[in-house]
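The values are calculated or read from the model by the stated rules, or taken from the named source; none is laboratory data. Keep in mind that this is a model prediction, so the values were computed, not measured. Here Cβ is always computed from backbone atoms with ideal geometry, including for glycine, and neighbour counts include all displayed protein chains.
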Amino acid sequence: MANKGPSYGMSRQVQDKIEQKYDTELEARLVEWIMTQCGPAVGKPEAGKLGFQTWLKDGCVLCELINSLCKEKPVKKIQSSSMAFKQMEQVSQFLNAAERYGVIKTDMFQTVDLWEGKDLAAVQRTLMALGSIAVTKDDGAFQGDPNWFFKKAQENRRDFSDNQIKEGKNVIGLQMGSNKGASQAGMTGYGRPRQIMNP
């Protein structure tokens, strides 16, 4: 991969908008969660975007994270490598495992978003979605404060008997045109113009 030079014009504006979405407070919370979830062996990154990217770039920390959330380890072999394609392959393994865990495609980042640092806010979104699913599953694998993540809505199925359904057909809802409590008191006649008084 060749390093790209600075972008100009519209490309620069687009890149600036993407970079503004990155949240440093969220970064600190995610780092704390990953360290709590995986243990101190993953280390702690330098504060800031570049430190966060460097910490996750080789895919080792991400694979440790997904393995710590699953009973059966989805990523069998985690090894640190200096070769770019090996690092990108590990990030791809994390993404595939996260999708199997329940993260939806629209919440996933692309490997290049992390590897080239193009959209680290997308990486944060993926990790937030992963944490939310872990909290929602509540299978004992999640470590850390569950208040860091929102709990996803779950199905609340209701079964009604035939009698209850028949009774419901007889009730007229207020949206159907009932005029309970409605009156025209205080309204002017339809044909009269609005009265404007001069002082």
Condition (residue is modelled with pLDDT of 85 or more, more than 19 Å from Gln143 (Cα to Cα) and assigned to a loop (DSSP other than H, G, I, E, B)) applied to region 36-47: is it met by at least one residue? no
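Let me confirm something: among Glu89, Glu99, which residue is modelled with pLDDT of 90 or more and assigned to a helix (DSSP H, G or I)? Outline the logic, then answer.
On the way: Glu89 fails: modelled with pLDDT of 90 or more.
Exactly one residue qualifies, and that residue is Glu99.
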Quick check on this structure: which one of Ala141, Ala129, Ala134 is under 24 Å from Lys73 (Cα atoms) and more than 18 Å from the chain's Cα centre (by Cα)? Ala141
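Within region 137-165, track down each residue that is hydrophobic (A, V, I, L, M, F, W, C) and either surrounded by 10 or more Cβ atoms within 10 Å (Cβ to Cβ) or touching a strand residue (DSSP E or B) at 6+ places or on another chain (Cβ under 6 Å) (or both). Walk me through how you get there before you give the answer.
Just the residues of region 137-165 that are hydrophobic (A, V, I, L, M, F, W, C), to begin with: 141-142, 148-150, 153, 160, 165.
Within region 137-165, Ala141, Phe142, Trp148, Phe149, Phe150, Phe160 meet the criteria.
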Looking only at region 96-136, how many residues end up being acidic (Asp, Glu), without any contact (Cβ under 8 Å) to a residue 24 or more places away in the chain and crowded, with 19+ Cβ neighbours inside 10 Å? 1
Would it be correct to say that Trp33 is in a helix (DSSP H, G or I) and in contact with a Phe, Trp or Tyr (Cβ under 8 Å, 6 or more places away or on another chain)? yes
Mind listing whichever residues of region 138-172 are at pLDDT 75 or above and of a type in the set (A, V, I, L, M)? Ala141, Ile165
Criterion: surrounded by fewer than 18 Cβ atoms within 10 Å (Cβ to Cβ) and either touching a residue at least 60 places away in the same chain (Cβ under 8 Å) or more than 17 Å from Met35 (Cβ to Cβ) (or both) - qualifying residue of Glu46, Glu89: Glu89
Is it the case that some residue within region 112-130 is more than 29 Å from Ala153 (Cβ to Cβ) and in a helix (DSSP H, G or I)? yes
